Amino acid sequence: APPPAMNEQQVEQQIQQMVSFIRQEAQEKANEIRVKAEEDFNIRKLSAVEAAREKIRAEFEKKTKQIEITQRIEYSTELNASRLKVLKARDEILREIYDDADRRLADMAGSNPGGYRQFIEGVVLQGLLALADSVVVVRCRQEDVGVVREVVEVVAGRYREKSGGKEVKLSVDDKDFLSSNW
């Protein structure tokens with residue numbers, strides 16, 4: 001048998017129940033979509049924030065390294081500049097010492113022949129000890145040839161004493177002279 005016929009009020013009530021059910025289902029579905037959208041948004045936002053942080057971190061490291069390199073270059077430049085100043089000052093002092101020695105030698109050669117002769121003996125002996133050769137040719141200024149010839153035998157004897165008996169044959173170069181300029 002067919003179901004009993006519903007009156008209009010029952011039909012209206014059934015329609016209202018169906019509409020309420022559909023509305024409730026739609027609201028639940030809308031809430032699910034909203035929650036899913038918020039989760040997706042938060043995940044994307046977190047990912048974007050992390051990517052931006054990483055980019056900032058990398059840029060910071062790059063700039064830090066650049067600063068360190070710049071500081072090292074500046075330090076090295078300053079160090080080299082100070083070394084150059086020291087070398088320049090050293091060269092100036094050595095030049096003054098050489099100039100003073102030149103002046104003193106020129107004065108000694110003219111005013112103190114005995115002291116100059118001792119100086120020549122000492123210089124030739126130092127040269128022999130440094131070279132430690134058995135045959136040595138001494139070059140000197142043309143005006144010193146006479147003094148050097150006088151001291152050669154004395155120096156050879158002193159060399160034997162200081163070197164433990166080593167013999168040396170000394171001669172004076174009388175063709176090729178050192179410069180007369182001190």
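The values are calculated or read from the model by the stated rules, or taken from the named source; none is laboratory data. These numbers come from a predicted model, not from an experiment. Positions of Cβ are backbone-derived with ideal geometry, glycine not excepted, and every protein chain shown enters the neighbour counts. Only protein heavy atoms, including side chains, enter the accessible area calculation; ligands, DNA and RNA are left aside. Shrake-Rupley method; radii C 1.70, N 1.55, O 1.52, S 1.80 Å.
Please go through region 143-182 and pick out each residue that is open to solvent by 90 Å² or more (accessible area, probe 1.4 Å) and more than 21 Å from GLN118 (Cβ to Cβ). Let's see the steps before the verdict.
Residues of region 143-182 open to solvent by 90 Å² or more (accessible area, probe 1.4 Å): 143, 149-150, 153, 161-162, 166-167, 169, 175, 181-182.
Correct list: LYS166, GLU167, LYS169, LYS175, ASN181.
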Quiz item: Is it true that LEU84 is open to solvent by less than 100 Å² (accessible area, probe 1.4 Å) and either within 25 Å of the chain's Cα centre (by Cα) or of a type outside the set (Asp, Glu) (or both)?
Solution: no
Quiz item: Looking at (1) under 37 Å from the mean Cα position of the chain (by Cα); (2) modelled with pLDDT of 95 or more, which is the only condition TYR98 fails?
Solution: (2)
Quiz item: From the list VAL154, VAL136, which residue is outside any helix (DSSP H, G or I) and without any contact (Cβ under 8 Å) to a residue 60 or more places away in the chain?
Solution: VAL136
Self-check item: Every pair of residues 6+ apart whose Cβ atoms lie under 7 Å, when the first sits in region 20-49 and is loosely packed, with under 10 Cβ neighbours inside 10 Å while the second is among the β-branched types (Val, Ile, Thr)
Solution: none
Practice problem: Please work out which one of (1) under 21 Å from SER179 (Cα atoms); (2) open to solvent by less than 100 Å² (accessible area, probe 1.4 Å); (3) touching a residue at least 24 places away in the same chain (Cβ under 8 Å); (4) within 47 Å of the chain's Cα centre (by Cα) is the condition ALA109 fails and give its number. | Solution: (4)
